[in-house]
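**Student:** Here's a structure for you.
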2 protein chains.
Amino acid sequence: MRTLVSELTGLAGSTVTLFGWVHRVRDLGGVSFVLLRDRSGIGQLVFDAKPDVTPESVIRAVGVVSANEKAPGGVEVLVKNMEVMSAAALDLPFPVNQDPAKTSLESILDNRMISLRNPTILSIFRVQSTILRCFAEHLRGEGFTEIKTSKLIGTGTEGGTGLFAVEYFDSKVYLTQSPQIYKQALISSGLERVFEIGPAYRAEKHDTPRHINEFVSLDVEMAFIESEQDLMDLEVGILSAIFRGIRETNQRELDTCKATVPDPDACARIPRVSHDEAKEIVTKETGKKVYEINPEGERALCDWAMKTAGVEAAFVYAYPRKSRPFYTFPAENNRTKSFDLLFRGLEVTSGSIRINRYDMLLENLQSFDLKPEGLSDYLSIFKYGCPPHGGFAIGMERLTQKVLGLASVKEATLFPRDRKRTRP
Amino acid sequence: MRTLVSELTGLAGSTVTLFGWVHRVRDLGGVSFVLLRDRSGIGQLVFDAKPDVTPESVIRAVGVVSANEKAPGGVEVLVKNMEVMSAAALDLPFPVNQDPAKTSLESILDNRMISLRNPTILSIFRVQSTILRCFAEHLRGEGFTEIKTSKLIGTGTEGGTGLFAVEYFDSKVYLTQSPQIYKQALISSGLERVFEIGPAYRAEKHDTPRHINEFVSLDVEMAFIESEQDLMDLEVGILSAIFRGIRETNQRELDTCKATVPDPDACARIPRVSHDEAKEIVTKETGKKVYEINPEGERALCDWAMKTAGVEAAFVYAYPRKSRPFYTFPAENNRTKSFDLLFRGLEVTSGSIRINRYDMLLENLQSFDLKPEGLSDYLSIFKYGCPPHGGFAIGMERLTQKVLGLASVKEATLFPRDRKRTRP
């Protein structure tokens with residue numbers, strides 16, 4: 001019967017069997033300490049003599065639990081018997097038991113199979129798992145149905161640029177940039193409220209700490225709403241649920257990453273400012289006249305939100321028409337019923353009310369220089385009765401990054417793909 | 001304030017506002033009936049005169065609820081005011097309100113954007129959403145962490161055949177056939193227990209009711225186990241949870257599809273037979289000597305399981321080495337520590353204990369005529385200490401298909417991709 005490291009406290013006097021990885025070996029002559037890492041944490045093993053084991057080897061240890069104030073969790077295990085289940089070679093490509101801040105991101109990602117063993121790095125993905133859970137749970141509670149749509153399409157909804165081509169038997173298809181057309185088909189099918197968690201692809205040549213070419217999109221679409229305010233309300237609920245879930249589930253990981261999660265109740269206070277107001281705020285805060293909300297502006301807006309509302313996030317709505325996709329519902333003065341969420345200085349969500357009127361959509365295609373040919377499947381959604389609706393997408397990796405205060409979105413991606421990186 | 005159709009019962013006398021799609025219009029001269037479809041079901045609207053509305057149009061109707069034994073749910077709504085929110089054109093490409101059995105699968109899939117509106121067809125995907133939920137919930141309850149890994153790799157784990165190539169900037173990458181290497185990296189990273197829900201791709205030229213080229217793989221991997229029996233135990237738990245969840249959540253959909261879900265408690269009785277025993281059973285049941293378990297054999301085994309154990313499923317384990325991937329842990333007599341699950345006559349799961357010993361893996365690569373070059377990332381998992389482990393993958397669409405008794409796996413896929421189909 002296996003005991004996890006986290007279960008040792010309170011078991012003093014008992015004989016236990018532990019399984020895990022050798023995190024560190026410390027030989028003090030007469031006595032040796034081995035830190036053992038399992039999925040629950042790190043515990044201390046005590047050996048009479050230096051055990052014949054290399055760092056990262058997987059072992060099975062049987063011993064007696066003994067109280068020791070100085071040991072992690074207040075207990076250690078006096079080992080009677082140890083078996084090496086899988087010996088690790090000595091030429092570790094990454095120093096697993098060191099602070100990862102001492103290694104470059106390039107090296108961490110080059111050696112991803114091993115660097116993921118570092119407890120700080122692995123913590124990121126435990127938190128990400130909670131984000132996935134809370135996103136889905138919250139939406140199911142609101143009557144949403146989970147969908148899984150194809151990632152291969154004949155043509156892009158948002159035009160042909162920025163798409164990766166796939167050799168598909170004798171033809172060519174593309175990796176989807178977003179499940180946009182499918183989400184719209186499904187709210188219109190009668191599901192009314194859908195969400196999808198799946199990969200999305202952008203063949204863009206960016207090389208920045210905020211871009212990756214493959215990411216997981218947390219996608220939402222909702223019918224019978226006409227205002228983007230309803231979508232922001234929904235996102236407030238999602239964010240509260242995620243922040244609450246992380247606080248309840250991942251305190252150990254937050255401590256490991258030295259991160260703090262916003263107060264779930266503060267999400268309701270996230271300021272909502274129009275794009276025009278946002279530009280004024282940025283101009284005022286930075287002392288520079290701005291015409292677009294660039295990354296510096298995104299940071300300034302979040303700082304301003306923290307100052308004025310006590311929360312490091314801001315919704316910006318009513319973006320100009322030209323800066324949003326053709327399916328975005330227009331509003332007065334060449335604006336749109338659209339919004340972004342900026343969180344800790346980074347855009348993590350983009351959403352809008354979509355055009356649900358067939359004639360308006362055809363007109364908008366023209367004004368975006370797009371042709372209805374090739375979009376007939378998409379257009380059929382609207383030709384045969386489509387409710388008013390809208391939706392948004394949260395970038396899973398960006399949200400993880402900002403929750404944990406990481407410098408690059410690649411740190412929040414298990415196996416990131418960028419222009420140069422296609423392995424491991 | 002919107003009322004859903006399912007909420008009408010018990011509201012007799014109240015004025016309500018309904019939103020939904022016009023499912024059917026019946027004009028009886030002095031009075032007209034409109035069946036209104038929303039996400040909760042179908043309800044009856046009564047009009048004094050024939051309303052000016054086409055089938056599938058989206059409407060908003062205000063009226064008074066009135067008891068009527070003959071109406072669905074025992075109530076109907078006497079409409080005072082109706083607004084067409086989005087009018088449907090008359091040339092519907094698919095008869096939404098008819099039994100889909102009257103239309104060919106080709107036509108259903110060609111007109112997917114509209115055929116999904118059919119309540120029977122849409123039911124399939126409500127059940128699929130429950131499968132996704134219960135799979136994840138059960139595994140989280142067992143200490144599993146959800147992961148999201150890249151679907152783009154430089155080379156395939158299982159050799160280069162059967163892979164779709166992607167034009168990735170100036171290089172070429174491939175769509176993953178399974179998250180195999182990543183699952184193994186992550187159990188070995190210290191998560192120990194992981195699951196992933198994501199797309200998987202097979203560039204195979206099959207054209208059968210059991211094959212699609214893109215599917216959703218429900219993937220599981222678990223460390224510190226040495227027997228494939230542990231994996232079957234885990235899958236029994238998953239299946240019980242899924243069947244229970246569907247019974248609790250989707251009775252309406254099961255009725256609509258005329259489907260029944262196996263007793264959750266019966267999963268523990270699923271027979272477990274070796275590949276050799278399975279062949280004998282098939283030979284005996286079909287009267288034909290068999291050397292492989294082909295589709296006919298899979299059906300015979302499930303019939304046999306129903307007869308002998310009262311459950312339409314069978315685990316087959318100890319497959320010969322040559323029929324399993326190189327990473328499968330070998331067993332005596334050229335067998336492997338592997339298993340499949342057959343459910344209602346179809347293989348829905350394939351799994352195994354994996355090789356976790358570096359030297360054994362190198363040897364096995366040779367005997368499979370594979371080269372360690374290009375697999376260095378994969379091999380590093382094992383070179384630096386890897387616990388004994390195993391895992392499996394359930395095909396989401398196949399499981400949905402068999403739960404609902406559908407003829408083709410494509411019916412259980414929102415937007416199926418096969419050799420000829422790349423739209424919508």
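The values are calculated or read from the model by the stated rules, or taken from the named source; none is laboratory data. The shown structure was predicted, so the numbers you read here are calculated from the model rather than taken from an experiment. Ideal geometry is used to build each Cβ from the backbone, glycine not excepted, and the neighbour counts take in all protein chains shown.
**Student:** Can you tell me which residue is surrounded by the fewest Cβ atoms within 10 Å (Cβ to Cβ) among those in the stretch B:34-91 that are touching a strand residue (DSSP E or B) at 6+ places or on another chain (Cβ under 8 Å), closer than 29 Å to B:E253 by Cβ and among the basic types (K, R)?
**Tutor:** Within the stretch B:34-91, the match that is surrounded by the fewest Cβ atoms within 10 Å (Cβ to Cβ) is B:R60.
**Student:** Does A:A200 satisfy being assigned by TED's automatic domain parsing to the domain that holds A:E312 and in contact with a Phe, Trp or Tyr (Cβ under 8 Å, 6 or more places away or on another chain)? Spell out how you get there, then give the answer.
**Tutor:** Numbers: assigned by TED's automatic domain parsing to the domain that holds A:E312: yes; in contact with a Phe, Trp or Tyr (Cβ under 8 Å, 6 or more places away or on another chain): yes.
Yes; evaluated as a whole, the condition is true for this residue.
Residue-by-condition table, conditions (1) under 18 Å from the mean Cα position of the chain (by Cα); (2) touching a residue at least 40 places away in the same chain (Cβ under 8 Å); (3) on the phi > 0 side of the Ramachandran plot:
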position	(1), (2), (3)
B:K183	no, yes, no
B:R202	yes, yes, no
B:F224	no, yes, yes
B:L231	no, yes, no
B:T249	yes, yes, no
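**Student:** Across the stretch A:71-90, which residue is farthest from B:M360 (Cα to Cα) among those that are at pLDDT below 95 and in contact with a Ser or Thr (Cβ under 9 Å, 6 or more places away or on another chain)? Give the derivation first.
**Tutor:** Residues of the stretch A:71-90 that are at pLDDT below 95, as a first pass: A:71-74.
Imposing the further condition that a residue be in contact with a Ser or Thr (Cβ under 9 Å, 6 or more places away or on another chain) reduces the set to A:73-74.
Details: A:G73: 38, A:G74: 40 Å.
Out of the qualifying residues, it is A:G74.
**Student:** Right, another one. For A:Y174, all conditions in the list (1) more than 20 Å from the chain's Cα centre (by Cα); (2) at the interface with another protein chain (Cβ under 9 Å from one of its Cβ atoms) hold save one; what is the number of the exception?
**Tutor:** Every condition holds for A:Y174 apart from (2).
**Student:** Still on this structure, I have one more. Among the strands (runs of 3 or more DSSP E) lying completely within the stretch A:310-424, list those that include at least 1 residues that are within 13 Å of chain B (Cβ to nearest Cβ) and surrounded by 23 or more Cβ atoms within 10 Å (Cβ to Cβ). Lay out the reasoning, then the answer.
**Tutor:** Numbers: elements: A:313-317, A:338-343, A:346-354, A:389-395.
Per the criteria, A:346-354, A:389-395.
**Student:** Next up: It is to be established whether one or more residues within the stretch B:91-112 are modelled with pLDDT of 95 or more, more than 24 Å from B:E204 (Cβ to Cβ), acidic (D, E) and not assigned by TED's automatic domain parsing to the domain that holds B:R37.
**Tutor:** yes
**Student:** Hey, B:D303 hits all of (1) modelled with pLDDT of 95 or more; (2) within 18 Å of B:F339 (Cβ to Cβ) but one; which does it fall short on?
**Tutor:** Here B:D303 meets the rest and fails (2).
**Student:** Where in the stretch B:161-257 are the helices (runs of 4 or more DSSP H), entirely inside, with at least 1 residues that are out of contact with any helix residue (DSSP H, G or I) (no Cβ under 6 Å at 6 or more places or on another chain) and closer than 30 Å to A:I59 by Cβ? Full working, then the answer.
**Tutor:** On the way: elements: B:180-186, B:228-249, B:251-256.
Here the list reads B:180-186, B:228-249.
**Student:** Report, by residue number, each residue of the stretch B:187-200 that is among the aliphatic types (A, V, I, L, M) and more than 7 Å from every other protein chain (Cβ to nearest Cβ). Break it down into steps so the answer makes sense when it comes.
**Tutor:** Of the residues in the stretch B:187-200, the ones among the aliphatic types (A, V, I, L, M) are B:187, B:191, B:194, B:197, B:200.
If the condition is that a residue be among the aliphatic types (A, V, I, L, M) and more than 7 Å from every other protein chain (Cβ to nearest Cβ), then B:I187, B:V194, B:I197, B:A200 are the ones that fit.
**Student:** Continuing with the same structure: Return yes or no: is A:E137 in a helix (DSSP H, G or I) and surrounded by fewer than 21 Cβ atoms within 10 Å (Cβ to Cβ)? Explain how you work it out, then say what you get.
**Tutor:** Details: in a helix (DSSP H, G or I): yes; surrounded by fewer than 21 Cβ atoms within 10 Å (Cβ to Cβ): yes.
In short, yes.
**Student:** Also: Just one of (1) in a loop (DSSP other than H, G, I, E, B); (2) over 21 Å from A:F392 (Cβ atoms) trips up A:E292, so point out which.
**Tutor:** (2)
**Student:** Counting just the residues of the stretch A:265-297 that are more than 23 Å from A:A331 (Cα to Cα) and in contact (Cβ under 8 Å) with a residue 24 or more places away in the chain, which one comes out surrounded by the most Cβ atoms within 10 Å (Cβ to Cβ)?
**Tutor:** Looking at the filtered set, the residue picked out is A:C267.
**Student:** Do we have A:S129 as outside any helix (DSSP H, G or I) and within 9 Å of chain B (Cβ to nearest Cβ) here?
**Tutor:** Working: outside any helix (DSSP H, G or I): no; within 9 Å of chain B (Cβ to nearest Cβ): yes.
No: the conditions fail for A:S129.
**Student:** Taking the options A:G310, A:G245, name whichever one is modelled with pLDDT of 95 or more, assigned by TED's automatic domain parsing to the domain that holds A:Q128 and on the phi > 0 side of the Ramachandran plot.
**Tutor:** A:G310
**Student:** Another question about this same structure. Checking A:E146 against (1) at pLDDT below 95; (2) within 7 Å of another protein chain (Cβ to nearest Cβ); (3) surrounded by 18 or more Cβ atoms within 10 Å (Cβ to Cβ), which test does it fail?
**Tutor:** (1)
**Student:** Collect the residues in the stretch B:54-76 that are in a loop (DSSP other than H, G, I, E, B) and within 14 Å of chain A (Cβ to nearest Cβ), keeping them in residue-number order. Write out each step before concluding.
**Tutor:** Residues of the stretch B:54-76 in a loop (DSSP other than H, G, I, E, B): B:54-57, B:68-71.
Selection gives B:T54, B:P55, B:E56, B:S57.
**Student:** Restricted to the stretch B:13-53, and to residues that are outside any strand (DSSP E or B) and in contact with a helix residue (DSSP H, G or I) (Cβ under 9 Å, 6 or more places away or on another chain), which residue is farthest from A:P387 (Cα to Cα)?
**Tutor:** Only one residue tops the list, namely B:S40.
**Student:** Out of all the residues in the stretch A:46-61, which are more than 34 Å from the chain's Cα centre (by Cα) and of a type in the set (D, E, K, R)?
**Tutor:** Answer for the stretch A:46-61, where residues must be more than 34 Å from the chain's Cα centre (by Cα) and of a type in the set (D, E, K, R): A:D48, A:K50, A:D52, A:R60.
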